[in-house]
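Comments concern the structure below.
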Amino acid sequence: MLYQDILKEACVETIAEALEASAQGANRLEYCSDLAADGLTPALEEIEQLLPQIDIPVKVMIRPRAGDFCYDKKDLETMLESIRAFKALGVAGFVTGPLTSEHKIDLESLKLLAEEAAPLPITFHKAIDKVKDKIAAIEELKNINGVDSILSSGGADTALEGKDTLWEMVACAGEDLVIIPAGKITSQNLSHIHQLIDAQEYHGRKIVTPFKSQIDPNRKIEIKHLAETSLADITECFNQSFADYIVKFNATEEGLEARWKAGRVDYKMSFGAFEEDQLVGFFITGIDDYDGKRTAFNLATGVIPAARGQRIVQRLYEYAFPHFRENGVQQCMLEVIV
């Protein structure tokens, strides 16, 4: 799937965060309370206040307490009551995940929750990461009417660490279920993760531009083209930007020069973010014709760790696209190496 077509689901726990995520480009929200406890059922009053203010779908977490995902009869009754109440407000769906004491899908409880939620869909949440045989669990979930997606980090702490399992889960789910990778996915690393997993949807606390409170207004970031920046500086920034990734890069000037020459890189159409004259982020663009249209190919985007969380990628895009239009670019595409 092309990068521009993916769905970005933001995980939020306040109305302010929900409105901010929507404004910054989230396609859907998962609303929870107490994310420090991995997310609990939010207050009904908050969702009632939020829905009239927002025009993107809102899914609600159904989890009555912290701790494990093994629910007794009382827990289940609370969950069913919550579904009924939120359903009446007009939410778009629910996120939940009952397990047995053996860390298997609690199929009977899940069926009851799905029946109560119908016709709204259910996402089986990251409780699946506690299940040993995730492929078998996917096959079970395919047979539960109303379950349409699974949220997972592949059993790892992060989506990057669980990428191989996530890729297998996406392949197993096919067209029956949507696998939604989660786990430290941010607006800064989403493009890279998408290259590795190729899912349809992604989930994260910072999947769109970080909330305003995280941006330091005192940091002065200047965006300009890279035509006057040395390849040595670009190479250094490139290697720093990917130094903490699971897939390690150790690019050389010669290697990047050869690769980008083949990709028809135009340095006047490639842009960098500079902080006190240091290159801290980049957006490398190749210009060529594709399907009869002048096309800008994004060959590489990165931000060094020390500069992340400052909306640099968004600033680069916002700066680049008007320049593309002025120079006759008709479409933009992301290059994916497989």
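A few comments on the model shown:
- Most positive-pole-ward Cα, 331, 26, 160, against dipole of the chain from beta carbon charges: 331
- Choice from 326, 108, 253 showing the highest fluctuation, given a GNM over the chain with Cα pairs closer than 10 Å: 326
- For the residue pairs 73/134; 8/59; 74/126; 111/142; 134/163, alpha carbon separations beyond 19 Å are given by 73/134; 74/126.
- Computed [θ] at 222 nm, helices only, for the chain once each DSSP H run of length n ≥ 4 contributes -39500 (n - 2.57): -9500 deg cm²/dmol
- The alpha carbons of segment 1-43 stretch over 35, 19, 14 Å along the principal axes, in descending order.
- Taking the DSSP bridge list for the chain and keeping only pairs wholly inside it, about 45 percent are antiparallel.
- Candidates 229, 301, 158: whichever shows maximal mean-square fluctuation once the chain is modelled as a Gaussian network with Cα springs under 10 Å: 229
- Two numbers describe the Cα atoms of segment 254-297: Rg and Dmax, which are 12.4, 41 Å.
- Helix axis angle, 73-89 relative to the chain longest principal axis, alpha carbon, degrees: 60 degrees
- Relative counts (whole %) of C-alpha pair distances in segment 135-293, using bins that are 5 Å wide: 2, 8, 13, 15, 15, 14, 14, 10, 5, 4, 2, 0
- The value given for segment 266-338 is a Kirkwood hydrodynamic radius of 12.8 Å, derived from the mean inverse Cα-Cα separation.
- Computed over segment 72-137, the P(r) tail beyond 17 angstrom holds 41 percent of alpha carbon pairs.
- Options 85, 217, 195, ranked by Cα towards positive dipole end of the chain, top entry (Cβ charges): 217
- Max mean-square fluctuation residue, GNM over the chain, Cα-Cα springs under 10 Å, options 174, 146, 93: 174
- Residues whose placed amide H lies under 5 Å from that of residue 302, excluding near-sequence neighbours: 282
- Over segment 16-169: Rg over Rh, Cα atoms, Kirkwood Rh: 0.95
- Angle between the chain longest axis and helix 253-262 axis [Cα atoms, degrees, rounded to 10]: 80 degrees
- Every pair of different Cα atoms in segment 1-75 enters the Kirkwood calculation, which places the hydrodynamic radius at 13.4 Å.
- Here the chain yields Rg over Rh of 1.02, to two decimals, using C-alpha coordinates and the Kirkwood radius.
- Once the Cα atoms are used to define both axes, helix 231-241 deviates from the longest principal axis of the chain by about 10 degrees.
- Per residue, the convex hull volume that the Cα atoms of segment 131-218 enclose (Å³): 103 Å³
Bear in mind these aren't lab numbers, they're just calculated from the coordinates by the rules spelled out. Here the structure is a predicted model, which is why all the values come from computation and not from measurement. With ideal geometry, Cβ positions are generated from the backbone for all residues, glycine too; neighbour counts draw on all protein chains shown.
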